[in-house]
Amino acid sequence: MTHYIPITDDDRVVMLNTIGSERIEDLFDAIPPDRRFPALDLPAPLSEPELRRELSRLERANAHAGSHQIFLGAGAYNHFVPAAVDQILRRGEFYTTYTPYQPEVSQGTLQAIFEYQSLVCALTGMDVANASHYDGGTALAEAAIMAVNVVRGRRKIVVAPTLHPQYRAVMRTLLQGVDIEITGDENPEASLAEVAALVDGSTAALMVQSPDFLGTLHDLRPLTAAAHAAGALMVAHFDPIALGLFQTPGEAGADIATAEGQPLGVGLSFGGPYLGIFTCRQQYVHKIAGRLVGVTRDVENRLAYVLTLRAREQDIRRERATSNICTNQGLMALAAAVYLSLLGRQGMRRVAELCYHRAHYAAAQIARLPGYLVLDQGPFFKEFVVRTPRPVAEINATLRERGIIGGYDLSGDYPHLGDAMLLCVTEMNSRGDIDGLVEALKVEG
Amino acid sequence: MMHNYEPPIFELSAPGKFGANLPQLDVPASALPDHLLRGDDLASLPELTEPEVVRHYTRISQRNFSIDTVFFPLGSCTMKANARLHEEAARLAGFAAAHPLQGDELSQGALQLMYELQEYLGEISGFDAVSLQPAAGAQGELTGILVFRAYHLDRGDHERTEVLVPDSAHGTNPATAAMAGYKVVEVKSDARGNVDLADLQRKLTPRTAAFMLTNPNTLGLFEEHVVEVARLVHEAGGLVYGDGANFNALLGIARPGELGFDFMHYNLHKTFTTPHGGGGPGSGAVGCTATLAPYLPGPRVRRMEGAGGFEFFTPEKSIGRMKTFHGNFGMLVRAWTYIRSIGAAGLRKVSETAVLNANYIQARLKHVYPVAVDRTCMHETVLQGKLAAAPEVRTLDIAKRLIDYGFHPPTVYFPLIVPEALMIEPTETESKRTLDAFCDALLAIAEEAARDIETLHQAPTTTPVRRLDEVRAARQPILKYDAEVFAKLRAEGVQG
């Protein structure tokens, strides 16, 4: 017995009798006898109190935002998550339900996704948002596939070297079997203007991130113009929190815009599950991958929500589908919808301001420390690059002893920067926390 | 379910409200770069307080069926009950608030959990190596096909351009093969619901890179010639991919690695009861033979030599990373907790009971609803909505009428090779009382269909909305809230 299985011994006897079998083992006659019922070598089961103790032992062996000050971002961000977000996510009506293929009994999920799509469009200034992809990196890979489907006959994608290194790696992994060339990031020092100059008559899309991986904000309009002049699409990857203050992909004229949606009410969770935000212009909606929710009416003329434009999807189109994606990040999209609803117009602006001003305060303080240099790379949002007097690994090791998780070590991905770390400051890092970081760095310098 | 209409959140907004209690600015303000600011001051985002937001989402939640409220016999979806402890576990601060790049030293608990889960999944399925990275089943499939591709190319075998897929396969299989650059070749099923061996042999050629097989297949049947199928594919130089969507039938019953599969994905959100979440997140860990292990996506976790402890590593010939960071970690915590709470005997009990329940439903219904292939089924049974007493009835009508009886419909019209398919997967977490009530409802519906088919055509009548105009939704897509569009709908008489 387990506490999850409600079939009693008596039930089993009656049920086997109805089936016409004597023993439960008889139901498995189709399995080769010599490979039937393997003995599994697994740890003995634990009761809930024992398991809680074991879980607690494991979780205590990890640092986390409650035990350490986090000044690390690089694609996963320690942003504030209002308590109400998780309370909504914990509703069984949401988390124990399935994909809303039966709309009459799924209006809750469908309305939530419709509102997610609407809120993302409002935030980004884009026309269409889908019901989400796995994460920011896979959303970008889907953008590459969509671009070559939209711009027929072109198979080259030009990416900026300041696009997150892991996103570029994910794109290369996912697209290795198909004839799509990813280029533009061979020189890690290349400027965006230099990258845009690589866009030519065989290019399907230019992909640029702003704020970029190193934290710098860019005016994407000239890049969009360059891409369009060559007949290519502009794909912008953005930080949804930055949009509380800064230029939207819609304003930048992007054709496709993607983001890692984790900052919108989805916790750090050691890297997942996260949220792949995917948006595009109206004219490309039939080429979009993933689920879409639309509005219609029922037989009594009541407003209702339903999955729509389904002919693009794998369960109908099979090998001719726009993607093999089946799921979306439903629960994470719900988190983002609740988050955006709670923060709203004022809150989104406030969070962006807190990140911006605190990050600039931190940069100014660190710039005064002997041995440290804050690189001037133009306007930045919440992340910035600091050249360090000693290798980053060494500095981070001593920061750890002070309960601080330091910045991302850039020496691997961007060797031309030398000993440099990418620091991140959000609304979760108070002035006192920042002063503590500066003090700790000073000792190291 | 709640029947009252709930307006879009944008219509509950009023200027000046906010719903989050944020810190005050405690540092001097810095100059903003004017030329980079957004121009609309976020004017189209809504403005609400916390109580309004909570009520709104709570109200719409009540317009859903869920496992917590009703039986979800969705074939190939494994809608088993979601354990409450798992939700607590994944939210422990050391898991939920850990940064993915904080480094191995600060992440030993998470790494140990991942290492152990790799070991458990390998043991359960008979595979030598496991990667937890793929985000969902479809990504697990793509991982497998890309690993196969890398393996063939690494051996200098460049001629393999085709992937074979049974005609009963999930749509993700052919879509995946196409996404990996392969031509899809379909293999027929035989009268007993197995892969047609003669057709398979005809289609196996030096161009065959792989055969993708779901076992039990989507007819709910164990592939009787699975060992022979694998032998034939291997003889042709191909590899066998296992779609693990139906693995809930095999825990402690058989190990795919011992049946001839080279690679498979696990749907942790099915078999290992991480919640479906209304469509995701999934989690599609993969397992494979030692031969293929060097090509797996990284990072994986291993024990450190000497001192003890755990570390991330990337296999030497890895195809690369499938997604950002290390996989859907929160789902891994839930799956680990599940395996530790029921152990080996519990897992076998899960599959035995899932199979018992499906066969019980099949036995109770097959004299009224024809069974696609009359054999002992595994964890699901495929019936047909073809009633002798009401030949004009359609499966869709039966499915919609089930809703009025308080049940989520089964998977319908799948697999594609079965006309009017009703694919029923009860899982092990339902009581006999529920299974009987479900069978009674389907039998009652068959009688209704013979007596007054209009009752079925009208169904459902007990839901917040009734049947929808899906054609209109696709012809005139409205994919986001727009006050003018909604006003126009209302002017046309749409209520809401």
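Readers should treat all values here as calculations from the given coordinates under stated rules, not as data from a laboratory. Model, not experiment: these values are computed from the prediction. A quick note on method: Cβ atoms are made from the backbone with ideal geometry, for glycine too, and the neighbour counts reach across all protein chains shown.
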Discussion item. How big is the range B:345-445 along each principal axis, measuring the range of its Cα positions in Å and listing the largest first?
Written reply: 47, 28, 20
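Hey, got the dipole for chain A? About the Cα centre, +1 on K and R Cβ, -1 on D and E Cβ, debye to the nearest 20? Numbers along the way, then the final one.
Details: 39 positive and 51 negative charges, 191 e Å.
The dipole of chain A has a size of about 920 debye.
Taking the alpha carbon gyration tensor of the range A:1-117, what are the square roots of 5 times its eigenvalues, largest first, to the nearest whole Å?
Working: eigenvalues 346, 147, 49 Å².
So the three semi-axes of the range A:1-117 are 42, 27, 16 Å.
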Fill in: For the protein assembly as shown, the Rg and Dmax computed from alpha carbons only, in angstrom
27.2, 89
Discussion item. Could you tell me the extents of the range B:85-340's C-alpha atoms along the three principal axes, largest first, rounded to whole Å?
Written reply: 55, 38, 29
Practice prompt. Name the residues whose placed amide hydrogens come within less than 5 Å of the amide hydrogen of B:S189, ignoring near sequence neighbours (fewer than 5 apart) on the same chain.
Written response: B:D167, B:D196
Item to complete: For B:K203, list the aspartates and glutamates whose Cα falls under 14 Å from its own Cα; do not include residues on the same chain fewer than 8 positions away.
Response: B:E162, B:D167, B:E186, B:E235
Item to complete: State the antiparallel share, in %, of DSSP beta bridges confined to the protein assembly as shown, rounding to the nearest 5.
Response: 55
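Suppose every K and R has +1 on its Cβ and every D and E has -1 on its Cβ; what is the size of the dipole of chain B about the Cα centre, in Debye to the nearest 20?
Details: 47 positive and 59 negative charges, 60 e Å.
So the dipole magnitude of chain B works out to roughly 280 debye.
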Discussion item. Which one, A:V199, B:A129, B:F407, projects farthest toward the positive side of the charge dipole computed for the protein assembly as shown from Cβ point charges (K/R +1, D/E -1)?
Written reply: A:V199
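Based on DSSP H assignment, which helices of chain B show an axial Cα extent of at least 27 Å together with a mean Kyte-Doolittle hydropathy greater than or equal to -0.5? Intermediate values should be presented prior to the final figure.
Working: long enough: B:329-365 (41 Å, 0.36); B:432-451 (28 Å, 0.22).
Those that pass (Cα extent of 27 Å or more, hydropathy at least -0.5) are B:329-365, B:432-451.
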Worksheet item: Any idea which of A:T97, A:Q247, A:L275 is furthest toward the positive side of the dipole for the range A:83-339, if Lys and Arg beta-carbons carry +1 and Asp and Glu beta-carbons -1?
Response: A:T97
Worksheet item: Where does helix A:431-444 land angle-wise versus the long Cα axis of chain A, in degrees 0 to 90, nearest 10?
Response: 70
Fill in: Estimated FRET transfer efficiency when R0 is 22 angstrom, pair B:E228-B:D128 (beta carbons, to 0.05)
0.45
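When the dipole is taken about the Cα centre of the protein assembly as shown, and only Lys, Arg (+1) and Asp, Glu (-1) are charged at their Cβ, what size is it in debye, to the nearest 20?
Working: 86 positive and 110 negative charges, 174 e Å.
With Lys and Arg at +1 and Asp and Glu at -1, about 840 debye.
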Worksheet item: Using modelled backbone amide H atoms (1.01 Å from N, in-plane), which distant-in-sequence or interchain residues come within less than 5 Å of B:F310's amide H?
Response: B:M304
Worksheet item: Can you list the residues, at least 5 places off or on another chain, whose amide H is less than 5 Å from the amide H of A:A257, using H built in the peptide plane?
Response: A:A236, A:T279, A:C280
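Which three numbers, in whole Å and largest first, are the semi-axes of the equivalent ellipsoid of the range A:330-398 derived from its Cα gyration tensor as √(5λ)?
Details: eigenvalues 216, 52, 17 Å².
In descending order the semi-axes read 33, 16, 9 Å.
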Worksheet entry | For the protein assembly as shown, with +1 on Lys and Arg beta carbons and -1 on Asp and Glu, the positive-most of B:A191, B:Q139, B:A29 along the dipole | B:A29
Worksheet entry | For the range A:139-151, 3J(HN,Hα) per residue [Karplus equation, 6.51 cos²θ - 1.76 cosθ + 1.60, θ = phi - 60°, Hz, x = Gly/Pro] | 5, 5, 4, 5, 5, 5, 5, 5, 4, 6, 7, 7, 8
Practice prompt. Output the Kirkwood hydrodynamic radius of the range B:1-44, Cα pairs only, in Å rounded to one decimal.
Written response: 15.1
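Would you kindly work out the equivalent ellipsoid of the range B:201-257 from its C-alpha gyration tensor and give its semi-axes, the square roots of five times the eigenvalues, largest first in whole Å? Can you show the working numbers first?
On the way: eigenvalues 99, 22, 20 Å².
Those come to 22, 10, 10 Å.
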Worksheet item: Taking the C-alpha atoms of chain B, how large are the radius of gyration and the largest Cα-Cα span, Dmax, in Å?
Response: 25.5, 80
Worksheet item: What are the aspartates and glutamates whose alpha-carbon lies under 13 Å from the alpha-carbon of B:K17, with same-chain residues fewer than 8 places away excluded?
Response: B:E47, B:E50, B:E52
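Which pairs break 29 Å Cα to Cα here: B:K270/B:K400; A:K156/B:K188; A:K382/A:K442; B:K270/B:K366; A:K156/B:K323? Walk me through the numbers on the way to the answer.
Working: B:K270/B:K400 24 Å; A:K156/B:K188 38 Å; A:K382/A:K442 21 Å; B:K270/B:K366 26 Å; A:K156/B:K323 21 Å.
Violating the 29 Å limit, Cα to Cα: A:K156/B:K188.
Averaged over peptide A:240-247, how many Cβ atoms belonging to another chain are found within 10 Å of each residue's Cβ? Walk me through the numbers before you get to the answer.
Numbers: counts 0, 0, 2, 3, 3, 7, 5, 6.
That works out to 3 on average.
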Worksheet item: What are the ³J(HN,Hα) values, in whole Hz, obtained from phi via the Karplus relation 6.51 cos²θ - 1.76 cosθ + 1.60 with θ = phi - 60°, for each residue of the range A:14-20 in sequence order, with x given for Gly and Pro?
Response: 4, 5, 4, 4, 4, 5, x
Item to complete: Pick out which of A:E54, A:E186, A:E353 has the largest mean-square fluctuation in a Gaussian network model of chain A, springs linking Cα atoms closer than 10 Å.
Response: A:E54
Item to complete: For the range A:10-75, report the convex hull volume of the alpha-carbon atoms normalised per residue, in Å³, without decimals.
Response: 253
